[in-house]
Structure formats: structure tokens, C-alpha cells
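Everything below concerns the one structure shown next.
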Amino acid sequence: MNISIVNGHIVDPANGIDEITSLYIADDRIVHVGAEAPAGFDSEREIDASGRLVIPGLVDLAARLGEPGFEYKADIGSESLAAVSAGITTLCCPPDTSPAIDAPAEIEFIEQRQDEVGLARIRVIAALTKGLRGDQLTEMAALKEAGCVGVSNVLAPFASSQVARSALAYAASHDLTVFIHPEDHELANNGCIHEGEVATRLGLPPVPEAAETAAIGHFLPIIKLTGARVHFCRLSTGEGMNMVRRARIDGLPVTADVCAHQLFLTEMDAADFNPLCHTRPPLRTQRDKAALRAALTQNGIDAICSDHQPHELDAKLAPFAATEPGISALETLLPLTLRLVEEEVLTLSEAIAKVTRDPARILGAAELGHLGAGAAADVVIVDPEAEWECAPRRFLSRGKNSPFGGWPFRGAVTHTLVGGELVYQR
Amino acid sequence: MIETMQPGPLPASMQLTDDGRLRHFLTIEGLPASLLTEILDVAESFSVVATQPVKKVPLLRGKTIFNLFFEPSTRTRTTFELAAKRLSADVMNMNISTSATTKGESLLDTLRNLEAMYSDMFIVRHADSGAAQLIAQHVAPHISVINAGDGRHAHPTQAMLDVFTIRRHKPDLTALRVAIVGDILHSRVARSQIHAFNTLNTGEVRVIAPKTLLPENVEQLGVQVFHSMREGLRDVDVVIMLRLQKERMTSALLPSEHEYFRLYGLTEETLAYAKPDAMVMHPGPANRGVEIASSVADGPRSVILEQVSNGLAVRMAVMSMCLGASGGAPR
């Protein structure tokens, strides 16, 4: 179908567009952005976007979708709907499912589920070692042929530094980006909260800042040695971020992301044993939060992701340390990103870039995250003035575990198109 | 109840009623000095009961109290049980293994079952920090929860009985220098003691331990930090020794019992660093020869057995106050 989205405020950072104009879609591709339709374009449907923002569909670098293995928490159907309702059109699924995504069959399963559901695009980050056990390499070439966008051992440790070296070297030979979650397993020591004032007061097992910095320090020389392209996931400390930035200045091929809640919450939010603020890595200090925010514009952090982890009610109804870490975060990713604009941390264009252009670049997905001619027609229309209050009980995600209940947000998605199809309309 | 259970913050402020009276007793932190003093005064009135021929008062007659012990304990459970019986309440002891099922499920499921038996109070001990607060948040409104120790977080009745014992010997806390020695990192007792001493404006609170047994930022709890007994015990009025678990050796926090005793054990020699009339305390059970020498534990300056007797009066005070029945204590 030919669709035109007219008179909207189009923000497309990849192509330097930030103006009121129109967008033209033919079938599943964007054909043109401009005041006039291209010659011969016959619009079958026109969406009036006056007073609205028109942005590329969001690309989320990390979302747990419940399948396979955790269907009691969530499923691809529920989470895809939650995603598109919140403007996210591409979801990256980490391999820590059950079983782990360590063979082409699992990737095919997820793609099949994506097609059945037919809402968001799902991209798979495959396991770097078999069963994420950290000792044997996966068949990375086959995983790449099956469509994975990268490889990761997620939070599971490697059996040795030698295995880590081999894994990175092998991934590099197949031009696969390695997604590293920097956590030194031993220093983290099964902790559940940032090692600092709050942990000491509450008597909870802590995770020191050094769990992150030691892991980054461990991997940087291995990256240099192997030439692997590495993406550091979920940075939580200012010091860790500085190490990544310095490595980048030294010319190492590294990128990094932060999840949205690390830009808004700190250890203090867990001070009343609030299990909704139990995350891994843990919420850090006010100083870390400020450093991560500053890094968004200082070449320190490329992308903002949701790190969506939907949980059933019982997973959070236990003493803090016994609860499962993670936040149901799809439906707060865009609202929190827009709030960074309101709080003057980023300009609108910079903010949109962090959830569209930049994560798409990390995935090497040329057709995603922008609105240039030839791009996939993944488009989101936002009413920038709509004010609403976050109510996790009404989330479309099956996970209602969000600490943002009661937060006022401005800006709501009104339309979401994926591949030229209107998959969500409010 | 099941419908209304939602995870969320567990503020310690819930232990007070709107008019500032004790509803639950979960942590010392955040309680006003006046309330701590009230607990001590009420406990003083109850300590008389133990010396009378009939050791019972009818204050909690008809009330049902459940001792919920998710972590093994004999001494603490027994004193709570005895305190409840002296107040004429019916007491049930439940020792619940946490290994049988996942901790969270057994915890809240157990609650649902016990509530159905019309209980009035839960005394809770649990291996996870915050467990008592979680239970208090989710119980029916008429039920009081007393924390008998949660993880490394709090053991408020132990701290109050320690303060009670000190006050009997040295009534002006503001003039005292107190040192807590040993495994502060893993100790709920130490955390509650520190809050109690600071709330009551104790002159100085010190902790003495190697860095491996101290939590980060411990000084922000309001303590002076020392790594040696010689400096830490200087001019101290009260020495509180903490129990050292043997597994601290295997987890590489300490090299050996021998070295620990040599550096941090309380002997007659090390006690000499403190004031000549310094009192020696221990929440029990003591590891003789590991953190304290028998000659000191049984010596003239030890009040360890007094602590045990005082525990009864303090627990009676807290239980009766939570159930709104403290006014009738005999004086």
C-alpha cells in the first residue's frame, strides 16, 4: 500500500531532518521525505500528522520476550504488542533463554514466532558459548547464516581468559559483533545492590563498582589482541563508561549502551527494600547517573535501551535479595527518552538518535533506525503534548514490574508502522 | 489478601501508627529517641515480674502469637516464647525450612495460612534482609510483626536489650564511649546497635575490625572506624564482642582463627586498653578462644548472662506495646 504521512514534525537524526514535512511509503519501504510527493506517487492512505512528531521506529538492543522457556513470564505475542504500542519496532533478544539460543534452530523458532505474531521485528543475539556455559564455542558461522545480529555470553562467566580470547577471535573472523555484559562474576559475588551506603544500611549483599570496571579492564586488552568488534552492554558506572570512552579514543572498535532506568534511578530508590528497583547491574549512585547522562553527548554512550525483563508477580514478592532482577521496561523506554529532552539533557534530535539511528548502527542494520529513501517503513507517530501517568498494572506487557508507576510522562505514541503496515493505532 | 499483594517499597515508617505508637517492631532506624526510652522504661517495669513468685501478667490473655523461624535459632526463639507466656498469650512455634521451596513463595504462602488462624502477632526470623518488612507490609491490618533478626539487616530487640543492660549500669549514655568488635559486615546485631546508640545520643560509637569484616561506607552509619584493638579500645566504657562464624575463614575473609584471636580477641590483656570499669558484652553464643577468652567472658566485668535475662523484659515490653497493652504493666 502507498501511504503518506503529511505535515508532521519529522525527526530523522540519521538524515539530519528536523522539520515539518511529509513522508511517503510504498509497500514496506520509505520512498521519499519532502513537502511534495514524488512524481507518480498515488497515495492510498493519508495520515494527517499535524502537531505530531514523526520518528523512525525505535530499535531496542535488549528485550527479554519470555520465549523459549519463560512463557510463564511473557511471550512474543504480548511483548511485541507492548513494544509497538510504545513505538519500538525492532527488539533484540539476548540468548539467555531456556534453552539458550546457541543453534540455528532456536533462531528459526524465534523468527517463526515473529512471523506468526506479525507485529515487531525481532533480531536475535546468539550465544557465544554452548549453553552459555563459557567453555565451548558455538557454531557462529551457522548462527550468522541463520540471521543473528551478534553474539554474547550475557552475564554468564567464561571458563577462562583463554576461552574469552578464542571466542572474541572466532567472532571477529566471522565479522560478528560481540555483546559483552561487563560484570566480574567473582567480584559481583551474588550481590543484589550497589556496594555503598544503602547496601550497608540494609545489610544486603553488595556488587562493587569494581565488578564492572574490572570486567572492562579484563576485556579491553583481549579486544586489542583479537580485533573483535565489541559492544559493551548496560554500563552502570561513570568509571566504567570512562574506560570505554578512553578505549575508543585509543582507536578500539567498541561501542556502549545504557538502559533508560540507569539514567533516572539510583541506589536510593532501592532504599526501602523496593524489589522493583532490584536490577542487574544494580542501580548506582547519583554521581554515576550524572556521568552516564553526560556521556550521552560526550562520545561515551551510543545507545539507550530498555533492558526489558518482564516478570510474573511472585518473582518480585519475596525479600529483596531473593527477588529476580529486572524491570518491565518496553513501555517506559520512549517516555523516559523524551523526558531527557524535557530535562534538557539532550536535544530532541539527539534523544531520538540514541534509540533509533545509533542502536541500528550497532546492529549493522542499514535499513533500520532512519527514514531515508529505501529504509524499512518502520515509522512512529507521537503526540508530543499528550500527558499521562505511568500505571504498570495497565501495561500491555505481561510484566507489570516497573518502579515508574505514578511518574508523569509527556508524549504518547498514536501510530506505529512496521514494514509499511499500521500495526498499532491509539 | 492475595489480590492486593503488589511488590513495592517497604518503608520502615510503617512500624509506627499515625499517632506515633509502635505497630510493628522491625528496625531501630527511624524510631524517635522518646520511643526507645519508652521501651526501656516499660522493660524496666517488666523486669520486676521475673522476680515475683507468680511470673505471669494477664496483659495479652487471649492473644495468639506465632514464632515464625525461617532460620534456626534456639535462644532467641525461647526468650520470645517465654516472654509471650509471661504475658499470658498463646504461643505457637513454627520452624520453617527455607530449602523446602523457593524462599519467597514459602514466606508469603505461610502468611496466608497463618492469618487464617486469627493470629495477632508474628515474631519473624529470616535469613534474608528485609523479610520482616515484607511480611509487615502484607499482613492483615490487625497483625503486628516483630523482627527477631533478618539477614544482615536488623535485630532490634537484641539492640534494645543491650542498651537496657548498659543503662542499668551506666545510666547516662551521652557520656559513654562504646566499641563494637568483630564481624560488622555480616552482623544484623551491630547495625541495630549502631542505630540505637546514635538515636539515644551515645557519646561515641566505634567499630573495630579488619577491612574484610567491615561494610563499605560504614562510617556513614555514624561510627568511628578502627582496625586495631589497642587504639579502638582506648578509653572505652563498653566493649561489645560479636560472634565470628567459622566460615569466614574458608571464604578467605580471614587467614586463621589464631590470627583473629591474637588481633581482635578480647583477653584480659586487650581489655586493659579500655577504661578500668569497662563492661564486656556479647550477644551470644560466644566462641570462646575465637573472639573472647573464657576468663573475660566469665570475669567480673562481663554482663553476658545479665543480657540474657534482660532480653525477656525487653521482649515483653515490645510485644505488649505493639499490641497496645503496655499501660497495665505492674510497677
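The values are calculated or read from the model by the stated rules, or taken from the named source; none is laboratory data. Only a predicted model underlies this, so the values are computations on that prediction, with no experimental measurement involved. Counting neighbours? That spans all protein chains shown, and the Cβs are built from the backbone with ideal geometry, glycine included. Each accessible area value is taken on the protein alone, full model and side chains, heavy atoms only, with ligands, DNA and RNA left out. Shrake-Rupley method; radii C 1.70, N 1.55, O 1.52, S 1.80 Å.
Observations on the model:
- Pairs, first away from chain A (no Cβ under 12 Å) and of a type in the set (Gly, Ala, Ser) in segment B:114-134, second open to solvent by less than 10 Å² (accessible area, probe 1.4 Å) and assigned to a strand (DSSP E or B), C-beta under 8 Å, six or more apart: B:SER119/B:ILE65; B:SER119/B:PHE66
- Test: residue in segment B:172-187 that is under 25 Å from B:ASN287 (Cβ atoms), modelled with pLDDT of 95 or more, open to solvent by 30 Å² or more (accessible area, probe 1.4 Å) and in a helix (DSSP H, G or I): no
- For segment A:202-226, filtered to residues that are closer than 18 Å to A:THR266 by Cβ and either in contact with a strand residue (DSSP E or B) (Cβ under 7 Å, 6 or more places away or on another chain) or touching a residue at least 40 places away in the same chain (Cβ under 8 Å) (or both), the residue that is farthest from the other protein chains (Cβ to nearest Cβ) is A:GLU212.
- One residue stands out in segment B:201-252 among those that are outside any loop (DSSP other than H, G, I, E, B) and among the acidic types (Asp, Glu): the one that is farthest from the chain's Cα centre (by Cα), namely B:GLU231.
- The numbered conditions (1) in a helix (DSSP H, G or I); (2) of a type outside the set (A, V, I, L, M, F, W, C); (3) open to solvent by 10 Å² or more (accessible area, probe 1.4 Å); (4) away from chain B (no Cβ under 14 Å) are all true for A:PRO281 except (1).
- Cβ-Cβ distances below 6 Å connect the following pairs, each with a first residue in segment A:115-143 that is free of Cβ contacts under 8 Å to residues at least 24 places away in the same chain, a second residue that is of a type outside the set (S, T, N, Q), and a separation of six or more residues or different chains: A:GLN136/A:LYS130.
Residue-by-condition table, conditions (1) more than 19 Å from A:HIS194 (Cα to Cα); (2) open to solvent by less than 40 Å² (accessible area, probe 1.4 Å); (3) within 14 Å of chain B (Cβ to nearest Cβ):
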position: A:ALA228; (1), (2), (3): yes, yes, no
position: A:ARG234; (1), (2), (3): no, yes, no
position: A:ASP272; (1), (2), (3): no, no, yes
position: A:ASP288; (1), (2), (3): no, yes, no
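- Condition met for B:GLY299 (in a loop (DSSP other than H, G, I, E, B), under 24 Å from B:PHE80 (Cβ atoms) and over 19 Å from the mean Cα position of the chain (by Cα)): no
- Any chance A:ASP18 is open to solvent by 40 Å² or more (accessible area, probe 1.4 Å), of a type in the set (Asp, Glu), in contact (Cβ under 8 Å) with a residue 24 or more places away in the chain and part of a strand (DSSP E or B): yes
- Residue within segment A:326-345 that is surrounded by fewer than 24 Cβ atoms within 10 Å (Cβ to Cβ) and within 11 Å of chain B (Cβ to nearest Cβ) present: no
- From the options B:SER251, B:SER294, residue that is more than 23 Å from B:THR202 (Cβ to Cβ) and touching a strand residue (DSSP E or B) at 6+ places or on another chain (Cβ under 9 Å): B:SER294
- Restricted to segment B:119-165, and to residues there that are in contact with a Phe, Trp or Tyr (Cβ under 8 Å, 6 or more places away or on another chain), under 12 Å from B:LEU107 (Cβ atoms) and among the small types (Gly, Ala, Ser), the residue that is surrounded by the fewest Cβ atoms within 10 Å (Cβ to Cβ) is B:ALA127.
- Unique match (being outside the structural domain of A:SER22 (by TED's automatic domain parsing), within 17 Å of A:LEU58 (Cα to Cα) and among the small types (Gly, Ala, Ser)) among A:GLY369, A:GLY420: A:GLY369
- Inspection of segment A:84-94 identifies no residue that is open to solvent by 10 Å² or more (accessible area, probe 1.4 Å), closer than 26 Å to A:ALA215 by Cα and touching a helix residue (DSSP H, G or I) at 6+ places or on another chain (Cβ under 7 Å).
- Residues in segment A:83-115 that are closer than 20 Å to A:ALA156 by Cα and either part of a loop (DSSP other than H, G, I, E, B) or hydroxyl-bearing (Ser, Thr, Tyr) (or both): A:PRO94, A:PRO95, A:ASP96, A:THR97, A:SER98, A:PRO99, A:ALA100, A:ILE101, A:ASP102, A:ALA103.
A quick yes/no check of all residues on (1) touching a His at 6+ places or on another chain (Cβ under 9 Å); (2) of a type outside the set (A, V, I, L, M, F, W, C):
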| position | (1), (2) |
| --- | --- |
| B:LEU87 | no, no |
| B:LEU107 | yes, no |
| B:ASN113 | no, yes |
| B:GLN133 | yes, yes |
| B:HIS153 | no, yes |
| B:LEU173 | no, no |
| B:ARG177 | no, yes |
| B:ILE184 | no, no |
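- Selection from segment A:114-134 of residues that are touching a Ser or Thr at 6+ places or on another chain (Cβ under 9 Å) and either under 25 Å from A:THR416 (Cα atoms) or open to solvent by 50 Å² or more (accessible area, probe 1.4 Å) (or both): A:GLN114, A:VAL117, A:GLY118, A:LEU119, A:ALA120, A:ARG121, A:ILE122, A:ARG123, A:ILE125, A:LYS130
- For segment B:109-155, a tally of residues being out of contact with any Gly (no Cβ under 8 Å at 6 or more places or on another chain) and assigned to a loop (DSSP other than H, G, I, E, B) returns 10.
- Test: residue in segment A:290-304 that is in contact (Cβ under 8 Å) with a residue 40 or more places away in the chain, within 9 Å of another protein chain (Cβ to nearest Cβ), more than 13 Å from A:ASP257 (Cα to Cα) and in a helix (DSSP H, G or I): no
- Pick from segment B:1-50, criterion open to solvent by 10 Å² or more (accessible area, probe 1.4 Å), within 30 Å of A:ILE327 (Cα to Cα) and among the hydroxyl-bearing types (Ser, Thr, Tyr), ranking: nearest to the other protein chains (Cβ to nearest Cβ): B:SER13
- Breaking point among (1) open to solvent by 20 Å² or more (accessible area, probe 1.4 Å); (2) in contact with a helix residue (DSSP H, G or I) (Cβ under 9 Å, 6 or more places away or on another chain), for A:ASN153: (1)
- If the condition is being open to solvent by less than 20 Å² (accessible area, probe 1.4 Å), away from chain A (no Cβ under 14 Å) and in contact with a helix residue (DSSP H, G or I) (Cβ under 7 Å, 6 or more places away or on another chain), then segment B:207-238 contributes B:ILE208, B:MET229, B:LEU233, B:VAL238.
- Set A:GLU111, A:GLU79: member being over 17 Å from the mean Cα position of the chain (by Cα) and at pLDDT 95 or above: A:GLU111
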